Amino acid sequence: MPKKVDAKKIDELLLRGVAEAIDAKSLRVKLLSGKKLRVKLGIDPTSPNLHLGRSVPLLKMRDFQELGHRVVFIVGDFTGVIGDTSDKESERPMLDAKTIKKNLATYIKQAGKIIDLNKAEIHYNSEWLKKLTYHDVAEHANIFSIAEFIARENIKKRLDAQKRVSLREVLYPLMQGYDSIAVKADVELGGTDQRFNLLSGREMQRHYTISPQDVLMTNLIMGIDGRKMSSSWGNTVNLLDEPVQMFGKVMSMGDENIVSYFTHCTRVPLEAVDAYKKQMAYEHVNPRDIKMILAYEITRLYWGDNEAEKAKNNFVQAFQKKEAPQDIAKIAAKKGETYFSLLLRADVAQSKSELARLFAQGGVHDFDTDEIIAKDDPARDGTIRAGKKKFFRIVLK
């Protein structure tokens, strides 16, 4: 039986990073009952690396594990060949078996950075999909209509634009749905782009007179370039990135994604996440400082405290403590003057609001708007950097 039921943890499980739950009420009742559930997540090896976007449902899977449930991780070695176009604006090319085999080489190891593999079921869906006959496929296809398939938003867009949609793509939801039958799933996890496929599992289970699985859909996260995180776009933070690289990638993303990453890619308590959000909004805290905490937490999750600390120190040395040019302008500071006032006089920005935005975005390094200039501060060495290239030497009167 699962561990003692913790209603607070169940509520967070159902809400944190979750876009939609079907059926939320049913799933909550089952979780509170103490019933041990079989929780399924499948990932196709369309690239060699799992990234933070994939970590969102994997972390949710770990949450289920910690509540005592049985998690079933499926590597889609068969579905990966066919290709899912749920999130694509054009047809995904079929991959050959050799490429799939190469891509999945370390998938289990990568998933093991998040879930406890000793308490998980691991499958490759070729185990059952290869055995299906043409008759089986026809039976499964009969459950759905073409109208249901082409009503999907991305498929409709492609058809309206007269782009090709292959019959192969129609079969993909059937295969993912059959995975749920093969592993006897009570719950399936997946991103919002997987909605049609996830619901297909419910319909196919009904066809086989099996109680339909509940579905937990997690939000998609943005990549470091502001678009949806995707291996095909190269905007990913990969689970196997070296600590220094991982830390630096997180620091390079837009400030607007800080709260989202804390919520979806870490298990920092939500109360702390809410506090960080308020600090950035109301207390003039530099978002860069909060992002440093985020980068540390993400790196620590995959590499441990020591490596995360090394990565942080490396980042500080490389980016925050850059040596200023030898020939830089000098600014005379008044007694009790703030850094904000000083830079306004130095014409760093054309207005107070523009300068405030520069501070808020971390463009004035190591200083806050209302911070008074201190004399002989060894940590600052009398130098201030505004933006990427403007350096000033502070001279106190």
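The values are calculated or read from the model by the stated rules, or taken from the named source; none is laboratory data. Model, not experiment: these values are computed from the prediction. Using ideal geometry, Cβ is built from the backbone for each residue, glycine included, and neighbour counts are taken over all protein chains shown.
For this structure, a couple of remarks:
The rows are residues; the columns are (1) in the same structural domain as LEU129 (by TED's automatic domain parsing); (2) more than 14 Å from PHE78 (Cβ to Cβ); (3) outside any loop (DSSP other than H, G, I, E, B).
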| position | (1), (2), (3) |
| --- | --- |
| LYS163 | yes, yes, no |
| LEU174 | yes, no, yes |
| GLY190 | yes, yes, yes |
| ARG195 | yes, yes, yes |
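- Looking across the range 201-216, the residues that are buried (at least 22 other Cβ atoms within 10 Å of the Cβ) and touching an Asp or Glu at 6+ places or on another chain (Cβ under 9 Å) come down to GLY201, GLN213, ASP214, VAL215, LEU216.
- Considering only residues in the range 215-252 that are of a type in the set (S, T, N, Q) and modelled with pLDDT of 95 or more, the one that is nearest to ARG288 (Cα to Cα) turns out to be ASN238.
- Take the conditions (1) at pLDDT 95 or above; (2) out of contact with any strand residue (DSSP E or B) (no Cβ under 7 Å at 6 or more places or on another chain); VAL72 misses just one of them, which is (2).
- Filter result for LEU13 (under 30 Å from ALA272 (Cβ atoms), surrounded by 14 or more Cβ atoms within 10 Å (Cβ to Cβ) and either touching a strand residue (DSSP E or B) at 6+ places or on another chain (Cβ under 9 Å) or modelled with pLDDT under 95 (or both)): yes
- Positions within the range 194-219 being of a type in the set (D, E, K, R) and under 21 Å from the mean Cα position of the chain (by Cα), in sequence order: ARG195
- Residue ID - modelled with the highest pLDDT, chosen from residues in the range 188-214 that are under 27 Å from ASN238 (Cβ atoms) and of a type in the set (A, V, I, L, M): LEU189
- Pairs with Cβ under 8 Å, 6+ apart, first in the range 126-138 and surrounded by 15 or more Cβ atoms within 10 Å (Cβ to Cβ), second among the β-branched types (Val, Ile, Thr): LEU129/THR79
- Where a residue in the range 51-65 is under 18 Å from LYS9 (Cβ atoms) and its partner, wherever it lies, is of a type in the set (Lys, Arg), with Cβ under 7 Å and at least six apart: LEU59/ARG267; GLN65/LYS119
- ILE373 being assigned by TED's automatic domain parsing to the domain that holds GLY254 and either at pLDDT below 65 or not aromatic (Phe, Trp, Tyr) (or both): no
- Selection of the range 23-41 for residues being over 26 Å from the mean Cα position of the chain (by Cα) and under 26 Å from TYR107 (Cβ atoms) yields only LYS36.
- Of the strands (runs of 3 or more DSSP E) entirely within the range 1-118, those holding at least 3 residues that are among the β-branched types (Val, Ile, Thr) and under 23 Å from ASP186 (Cα atoms) occupy 70-75.
- Tallying residues that are polar (S, T, N, Q), in contact (Cβ under 8 Å) with a residue 60 or more places away in the chain and part of a loop (DSSP other than H, G, I, E, B) within the range 197-227 yields 2.
- Residues within the range 119-136 that are assigned to a loop (DSSP other than H, G, I, E, B) and among the polar types (S, T, N, Q), tallied: 2
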